[in-house]
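Have a look at the structure below before the remarks.
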Amino acid sequence: MTAFPTRRLRRLRSTPALRRLVAETDLTARRLVLPVFVKEGITAAQPIATMPGVHQHPLEDVPALVEAAVAAGIGGIMLFGVPSHRDATGSGATDPAGILNRAIEVAARAAVGRLTVQADLCLDEFTDHGHCGVLGADGAVDNDATLEIYARMAVVQARAGADILGLSGMMDGQVAACRAALDTDGRTDVVLLAYSAKYASAFYGPFRDAVESTLTGDRRAYQLDAANAREGVQEALADIDEGADIVMVKPAGTSLDVLTRVRDLSSVPVWAYQVSGEYALIEHAAASGLIDRGRAIGESLLAIRRAGAEVILTYWAIEVAGWLRAGRDLA
Ligand code: PBG
């Protein structure tokens, strides 16, 4: 007598039609957000060497980028500014004429409600030392002095027309400080996206190139330690208590466990950021012929969705939206 397997889990995998039917996870264009780098003082888009296919854009490109995002059906764009001048307090961040605030204005005007305009709310692009906050006399990032600047930044970004503010600085109390400032300014509808579980990561390397970061040293005194998952969950819960509308985990690919835990406990939407290093790894490996580019991109995004992200920030947002529209399978 042959002993037959009692469970044949392969059955549901036997044809492409069955596999499509039983897929637990999928992706739609509206769940993708495109990060965009806008650089002061350039007249044409400049390629970013470490991120093949990604550019720094002049302000003049922003309306066309918005149109491309709308046409692709993605959920939004996340703006980063690359200023020409930096100083100790990051004053370009709170100047309404600063590059990021101008980019928000132009994007919001172009979007006219068809796309969410999101803005990075952090000082690292604007400080001459490259840290996410201002430094105290001891040379360390001064949490509470930074909060005052973040609060002003929130109001300036909201006045410029941002729908969603991406609080990426990892200062304690940043959500509450920005929320209070926005409420006082009557900006009660502005959404706060807290980069709650943001790990100190080597995978931000190419981004530092993209924003021409001046940082020497690291951000380990404020960003999370890769060893800690429980602490990442605590960060998300604290941000929700402070009034975060959305929480984020980042980098996505190295924090899938944290993403799942946050998703299980969060009362608000949970997003993930597939960061520059995750992008660059796949692009460079594919360019070397080591992996199938399309399938690697699709698989990486599906894994992030499967772990619990409802929306994903990814540099492939527009391209992948095109694949989805064409009905292409992701993995
Ligand atoms: C901080 C910020 C960073 C990223 C997004 N917001 C850099 C950092 O914390 O060092 C990284 C994003 C990426 O690597 O794609 N403004």
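Structure notes:
- Loop-resident sites, the range 109-172, for trypsin sites (Lys or Arg not before Pro), counting at most 15 other Cβ within 10 Å (DSSP): Arg114
- Cleavage-rule hits, trypsin sites (Lys or Arg not before Pro), the range 262-330, DSSP coil, Cβ neighbours within 10 Å at most 13: Arg328
- Sparse packing (at most 16 other Cβ atoms within 10 Å of the Cβ) combined with a DSSP loop state is found for the following trypsin sites (Lys or Arg not before Pro) in the range 197-255: Arg220.
- Helix 276-287 and the longest principal axis of the C-alpha atoms of the chain enclose an angle of approximately 50°.
- For the chain, the solvent-accessible area with a 1.4 angstrom probe is 45 square angstrom per residue.
- Cα centre as origin, Lys/Arg/Asp/Glu Cβ charges: the range 26-325 dipole, Debye: 860
- Taking only the alpha carbons of the chain, we obtain Rg and Dmax values of 20.4, 81 Å in that order.
- Environment charge of Phe4, counting only residues whose C-beta is closer than 14 Å and scoring Lys/Arg +1, Asp/Glu -1: +4
- Stokes-Einstein diffusion for the range 71-213, with the hydrodynamic radius set to the Kirkwood value over Cα pairs and evaluated at 20 °C in a medium of 1.002 mPa s, equals 140 µm²/s.
- The chain, accessible surface, carbon-and-sulfur percent (1.4 angstrom probe): 52
The values are calculated or read from the model by the stated rules, or taken from the named source; none is laboratory data. From a predicted model like this one, the values you see are computed outputs, not experimental measurements. Ideal geometry is used to build each Cβ from the backbone, glycine not excepted, and the neighbour counts take in all protein chains shown. With ligands, DNA and RNA removed, areas are computed over all heavy atoms of the protein, side chains included. Shrake-Rupley method; radii C 1.70, N 1.55, O 1.52, S 1.80 Å.
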